[in-house]
1. For the chain, set up a GNM with springs between Cα atoms under 10 Å and report which of R363, R20, R221 has the largest fluctuation.
2. For the chain, set up a GNM with springs between Cα atoms under 10 Å and report which of F15, F364, F354 has the largest fluctuation.
3. Give me, ordered by chain and number, the residues 5 or more places off N205 or on other chains with an amide H under 5 Å from its own placed amide H.
4. Starting from 0.36 nm per residue, how many nanometres of slack lie between S16 and E381 once their C-alpha separation is accounted for?
5. What residues qualify as long-range amide H neighbours of L98, i.e. H under 5 Å apart, gap of 5 or more or another chain, H built at 1.01 Å from N?
6. Using the 2.2 N^0.38 Å rule of thumb for compact globular proteins, work out how region 59-281 stacks up: its C-alpha Rg over that value, please.
7. Can you give me the C-alpha center-to-center distance between region 13-28 and region 294-343, rounded to a whole angstrom?
8. Report for region 87-237 the percent antiparallel among DSSP-assigned beta bridges with both residues inside it, nearest 5.
Amino acid sequence: MKTATRLQSVKEYYFSRKLREVAAMIKEGKPVINMGIGSPDLEPHPEVVRALNEAMQHPKANMYQSYQGLPELRKAISDFYKTHYEVTLDPNSEILPLMGSKEGIMHLSMAYLNPGDQVLIPNPGYPTYASVTRLMEAEAVLYDLKATHGWQPDFEALETLDTSKVKIMWLNYPHMPTGTDVSLATFDRLIGWAKERDILLVNDNPYSFVLTEKPQSLLSRPGAKDVAVELNSLSKSFNMAGWRVGMLSGKADVLQETLKVKSNMDSGMFFGVQQGAIAALKMTPDWFAELNSIYKKRSALMRVLAQKLGASVVPNSVGLFLWAKLPEDAPDAETFIDTVLHHSNIFITPGTIFGSQGEGYIRFSLCVSEATIEEAIKRIEL
């Protein structure tokens, strides 16, 4: 049977394809170390697991749940934003729980994009922004983030763009894959820029607690709620990637339009997962400090590994990854990582999967233990 024409605009996700290759190598007995995926290997807090287990005994645990999530969950998200970001959100109109922020990318796009519309997407950036845009039969317009600009948008270039067809601009700070932290000046300038052009600004913000000095939110900036929304997630900061808990916050009318899509796509989030999320959102700063003490040690070791491979890690990076520049005489990024994979049984992500500005770079995930990183270093030294 012939598939929909929209599928001609996208390919299977890189990690979906590459992990099959890695799985096949492991099945053959090769001890592959996976440093490509940002799936936290640490455990959620015991209180989170306890809340899930206790919720299983609730008489409504196995029933359909509200499309807008439990009121207690929305209140917990509101309190979380107030405590950590100094952002006030109305739990009834400015918060929409999601089954992961990836769901939010699809729902927002379905709510706002028509065929022929344009979307501004960072290059390098999360590949899902572009693939979902193409599935909506809209046009992905890349805006370059370059090392020479500190991986921040080039506003001179943005000013020259014809934005008459642009509906959405995707941001992702702290940035993946480069590890660039938030610039409040960039946020402020983008809010004004988007407001002048009637463009919906969306910041994808899952890394704000990982190796940052202070978590930041786009919604904390003056005028943000007039033009912006923010996606956030419990996957990275609470080790709950498989739980699929995210949220969309900000401009109330945008959330209401997104709910029209969401309410026709799912039947609510599992009750126990919501109760676990409520417990997670109540974690104190000590929780994040403990996580970051682990990630700092891993980051130091990973920098040694990068050096052994001849790569130079971008300084002052935050988030779950290290972004490293290959030496000038190295082959292209994909050839380089395939050589490392088949010679040393170590899987690293090539920067090119994030866009053309990722050529010449590779990305290391910190979601592997210190012992595993040390083993990888030994393999490179052989």
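1. So, out of R363, R20, R221, the one fluctuating most is R20.
2. F15
3. L231, N232
4. Numbers: separation 365, 0.36 × 365 = 131.40 nm, distance 2.98 nm.
So the chain would gain 128.4 nm between S16 and E381.
5. Close amide H contacts, sequence-distant or interchain: G246, M247, L248.
6. 0.98
7. Region 13-28 and region 294-343 have Cα centres spaced 20 Å from each other.
8. Numbers: 1 of 18 bridges.
That works out to approximately 5 percent antiparallel.
Every number in this text was worked out from the coordinates using simple rules, so none of it is lab data. Since we're looking at a predicted model, the values are computed, not measured. No Cβ is skipped: glycine too gets one built from the backbone with ideal geometry, and neighbour counts run over all protein chains shown.
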